[in-house]
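The values are calculated or read from the model by the stated rules, or taken from the named source; none is laboratory data. These numbers come from a predicted model, not from an experiment. A quick note on method: Cβ atoms are made from the backbone with ideal geometry, for glycine too, and the neighbour counts reach across all protein chains shown. Heads up: the accessible areas ignore ligands, DNA and RNA and are worked out on the full protein's heavy atoms, side chains in. Shrake-Rupley method; radii C 1.70, N 1.55, O 1.52, S 1.80 Å.
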Amino acid sequence: MARILIIDDDKLICQSLSLVARHNGYEATSSHTLVEGLERATTEPFDAIFLDVNMPDGNGLDFLSKLPKLNSAPEIIIMTGYGDPHGAELAIKCGAWDYLEKGASVNEITLSLLRALQYREQKHAGNGTNNETTIKRDGIVGSSACLKECLDLVAQAAISDASVLITGETGTGKELFARAVHQNSPRRNKKFVVVDCAALQENLVEGMLFGHEKGAFTNADHAREGLICQANGGTLFLDEVGEMPLSLQKVFLRVLQEHRFLPLGSNHEVESDFRLVAATNRNLDDMVKNGHFRSDLLFRISTFVIGLPSFRERAEDITELARYHADKICEHYGTPCKEFSPDFLKMLTAYSWPGNVRELVNTLERTIATARFELTLFPKHLPIQLRIEVTKTGIKRESPSRQPTEQSGSSNLPQLHELRDSIYANAEKQYLHDLMAITDNNVAEACRVSGLSSSRFYALLKKQGIQLQH
């Protein structure tokens with residue numbers, strides 16, 4: 001029997017959702033705070049969780065990221081009293097199964113729950129049949145939840161020939177993931193051909209990609225096989241695909257569709273059975289809107305999309321990553337392995353790493369060179385600019401109020417969005433009080449005057465902590 005947990009401070013909502021669950025033969029239990037809900041979800045196995053957004057002790061969306069990491073990995077259905085497109089986007093990105101408003105019908109709620117449990121059952125059945133998929137992950141180090149999600153996508157993409165687009169900031173390891181897709185695919189024994197689109201010269205690019213016959217142009221003393229032809233049977237990796245010239249995008253789109261092309265100076269088309277993996281640190285959707293990237297090409301290259309997290313989003317991996325790369329660097333230079341002092345690791349963790357893993361590797365190489373024959377690394381060995389940055393950030397966090405008295409007015413000034421949200425919330429609360437006063441607490445009349453639905457009206461009352469007077 002499936003077990004359902006309902007986390008909502010509204011007891012009436014809990015009762016209603018419990019009835020829906022039990023009517024379908026499931027066991028249901030409720031918690032009225034986020035703390036209580038997390039404690040139960042941590043100590044008891046659940047198959048699905050209904051989670052309210054506005055709770056007395058916090059926001060359910062902030063709490064959401066902790067739930068998929070539980071051993072039972074329940075499916076999460078968000079329930080909210082008022083719709084918020086940004087909240088819906090955040091919920092789906094954090095792995096929620098569905099995002100429902102509390103005005104949803106019983107049928108909608110039931111269908112969402114049934115589909116979530118059906119998916120869960122199917123997923124578990126697949127895991128039981130295939131056991132856990134083990135993939136080759138050379139150079140990809142870490143065990144954070146967001147990294148595991150990316151590796152799951154690598155495993156899914158590897159078994160097909162569909163195009164893969166890998167996105168992420170500079171230094172996040174896009175080429176490592178591209179190679180992982182190749183190494184775990186049936187094409188692993190063929191070539192992995194890299195094309196750096198940022199380095200392509202527009203006047204030479206077609207010859208590099210498609211190859212050319214002898215005499216096709218000045219100085220073409222002999223025929224040359226292009227990179228696309230070299231990738232036959234293997235994987236073609238377009239690094240920084242957002243830098244591909246527009247003039248080439250149309251030509252490459254046809255190659256991607258037909259897997260055939262015409263080398264320069266030739267009258268005969270050549271076929272190449274390649275699998276495409278592309279990577280970019282740019283927002284291709286924005287480039288399409290601005291006319292800098294073809295929408296039809298974007299559709300073609302993004303059958304699978306693997307969005308890599310920044311280093312800031314996987315801070316729990318830093319010790320493992322630092323250990324792996326430090327050992328690798330020491331082995332390369334033939335020096336003894338270095339120990340890390342607690343303060344050294346603390347400073348690595350406190351730094352923001354705008355250059356991501358690549359910056360970490362470069363920093364460690366410089367640090368180990370600085371330490372030379374010393375066996376333990378201390379913060380003193382780190383680059384001075386990194387130490388300054390971490391120290392300045394720490395001072396800002398620890399003493400935000402240490403400002404001269406004459407500057408206290410400006411230092412206490414809130415950010416614009418905070419001021420705007422506060423004004424809006426106060427105005428909304430006053431409006432509701434005035435509305436209830438002029439309608440003499442008549443809900444139907446209040447909804448008519450305000451133009452709100454009853455579910456939205458009740459949600460606003462709950463949000464502002466207003467009790468109906470009878």
Among (1) in contact with a Lys or Arg (Cβ under 7 Å, 6 or more places away or on another chain); (2) among the small types (Gly, Ala, Ser); (3) at pLDDT 80 or above, residue 446 falls short only on (1)
Among the residues of the range 195-215, how many are surrounded by 15 or more Cβ atoms within 10 Å (Cβ to Cβ) and either in contact (Cβ under 8 Å) with a residue 60 or more places away in the chain or out of contact with any Ser or Thr (no Cβ under 7 Å at 6 or more places or on another chain) (or both)? 11
Looking only at the range 1-19, which residues are open to solvent by less than 20 Å² (accessible area, probe 1.4 Å) and in a helix (DSSP H, G or I)? 14, 17, 18
Examine the range 107-128 for a residue that is in contact with a helix residue (DSSP H, G or I) (Cβ under 9 Å, 6 or more places away or on another chain), at pLDDT 85 or above and hydroxyl-bearing (Ser, Thr, Tyr), and state whether such a residue exists. yes
Please determine whether any residue of the range 313-325 is open to solvent by 40 Å² or more (accessible area, probe 1.4 Å), in a helix (DSSP H, G or I) and β-branched (Val, Ile, Thr). yes
Taking interchain pairs and intrachain pairs at least six residues apart, which have beta carbon atoms under 7 angstrom, with the first residue in the range 319-333 and touching a residue at least 24 places away in the same chain (Cβ under 8 Å) and the second of a type in the set (Lys, Arg) and surrounded by 15 or more Cβ atoms within 10 Å (Cβ to Cβ)? 326/338; 330/338
Test set (1) surrounded by fewer than 18 Cβ atoms within 10 Å (Cβ to Cβ); (2) over 22 Å from residue 318 (Cα atoms); (3) touching a residue at least 40 places away in the same chain (Cβ under 8 Å) - residue 164 fails condition number: (1)
Check 283, 219, 267 and return the single one that is on the phi > 0 side of the Ramachandran plot and either open to solvent by 10 Å² or more (accessible area, probe 1.4 Å) or in contact with a Ser or Thr (Cβ under 6 Å, 6 or more places away or on another chain) (or both). 219
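Yes/no matrix, rows are residues, columns are (1) modelled with pLDDT under 95; (2) in contact with a Cys (Cβ under 9 Å, 6 or more places away or on another chain); (3) farther than 24 Å from residue 302 by Cβ:
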site: 193; (1), (2), (3): no, no, no
site: 221; (1), (2), (3): yes, no, yes
site: 235; (1), (2), (3): no, no, no
site: 247; (1), (2), (3): yes, no, no
site: 254; (1), (2), (3): yes, no, no
site: 257; (1), (2), (3): yes, no, no
Among (1) under 30 Å from residue 160 (Cβ atoms); (2) among the β-branched types (Val, Ile, Thr); (3) open to solvent by less than 20 Å² (accessible area, probe 1.4 Å), residue 288 falls short only on (3)
Specify which of the listed residues (103, 87, 81, 95) is buried (at least 21 other Cβ atoms within 10 Å of the Cβ) and either at pLDDT 75 or above or of a type in the set (Gly, Ala, Ser) (or both). 81
For residues that are open to solvent by 20 Å² or more (accessible area, probe 1.4 Å) and assigned to a helix (DSSP H, G or I), tally how many sit in the range 326-337. 5
Scan the range 376-392 and report the pairs whose first residue is farther than 15 Å from residue 353 by Cβ and whose second residue is of a type in the set (A, V, I, L, M, F, W, C) and surrounded by 13 or more Cβ atoms within 10 Å (Cβ to Cβ), with Cβ atoms within less than 7 Å and a gap of 6+ or a chain change. 377/340; 377/344; 377/371; 378/344; 379/344; 379/347; 381/371
Matching residues in the range 230-281 - criterion: being closer than 15 Å to residue 206 by Cα and of a type in the set (Ser, Thr, Tyr): 247, 266
Of residues in the range 278-312 being farther than 22 Å from residue 249 by Cα and in a loop (DSSP other than H, G, I, E, B), the one farthest from the chain's Cα centre (by Cα): 310
Report, by residue number, each residue of the range 444-470 that is farther than 15 Å from residue 81 by Cβ and β-branched (Val, Ile, Thr). 449
Among the residues of the range 435-453, which ones are in contact (Cβ under 8 Å) with a residue 24 or more places away in the chain and outside any loop (DSSP other than H, G, I, E, B)? 436, 443
Return the residues of the range 359-372 that are in a helix (DSSP H, G or I), of a type outside the set (Val, Ile, Thr) and more than 21 Å from residue 310 (Cα to Cα); say none if nothing qualifies. 366, 369, 371
Going through (1) open to solvent by 70 Å² or more (accessible area, probe 1.4 Å); (2) within 24 Å of residue 147 (Cα to Cα); (3) among the polar types (S, T, N, Q) one by one, residue 370 fails only at (2)
Those residues of the range 373-412 which are at pLDDT below 85, outside any helix (DSSP H, G or I) and surrounded by 10 or more Cβ atoms within 10 Å (Cβ to Cβ) amount to 403
Quick one: residue 43 ticks every box in (1) in contact with a helix residue (DSSP H, G or I) (Cβ under 7 Å, 6 or more places away or on another chain); (2) hydroxyl-bearing (Ser, Thr, Tyr); (3) open to solvent by 40 Å² or more (accessible area, probe 1.4 Å) bar one, so which box is it? (1)
Does residue 43 qualify as being out of contact with any Lys or Arg (no Cβ under 9 Å at 6 or more places or on another chain), without any contact (Cβ under 8 Å) to a residue 12 or more places away in the chain and of a type in the set (S, T, N, Q)? yes
